[in-house]
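Each value in this text was obtained by applying a stated rule to the coordinates, not by laboratory testing. Bear in mind that the values here come from a model prediction, so they are computed numbers and not experimental data. We place every Cβ from the backbone using ideal geometry, glycine too, and count neighbours over all the protein chains shown.
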């Protein structure tokens, strides 16, 4: 994944792949034929430093198959000090390797479900019905940020001004 030096410093490769593996949802944007953007949240899995998108939607699949532009955003955080994310620009290709295809449902189950999960059966049945496909995303550009490590907690300051100094924002009526 090519990146600039700031992204590389904030998200070196090992941290980047651990971050992606631990995230649950990616926002994926693909370009429609008419030039509009199709944006939706998708599940994904990471295997051996490779990112695989799970596609049940015909629209993303059509855009991917047409070789159109794709951007993946994986982020988290509720306030400034906890914001972090990776924005990945690149290409996708459909997974056709039979061994890898056979592993995908197990990787999905391990990441998103557990034995006895109330929705696991219906999720995998829907995938069979809809013709679920798996695409490998290959990043050509990466932008990352991580405020968890680069921001400092706010603290109160106290400044003593010399005698006779006044706050320039306070107007005194003469």
Gain upon complete extension [residue 161, residue 83; 0.36 nm per residue less C-alpha separation]:
24.5 nm
Which semi-axis lengths, in whole Å and largest first, follow from the square roots of five times the eigenvalues of the Cα gyration tensor of region 52-129?
25, 22, 12
Between residue 114 and residue 49, what is the spin-label point distance in nm, taking each point 7 Å from the Cα along the Cα→C-beta axis?
3.2
Region 91-151: Kirkwood hydrodynamic radius (Cα pairs, Å) comes out at 14.4
What Kirkwood hydrodynamic radius, in Å, does region 5-149 give when the mean of 1/r is taken over all pairs of distinct Cα atoms and then inverted?
16.1
In nm, the gap between the two label points placed 7 Å beyond Cα toward Cβ at residue 56 and residue 37 is 2.5
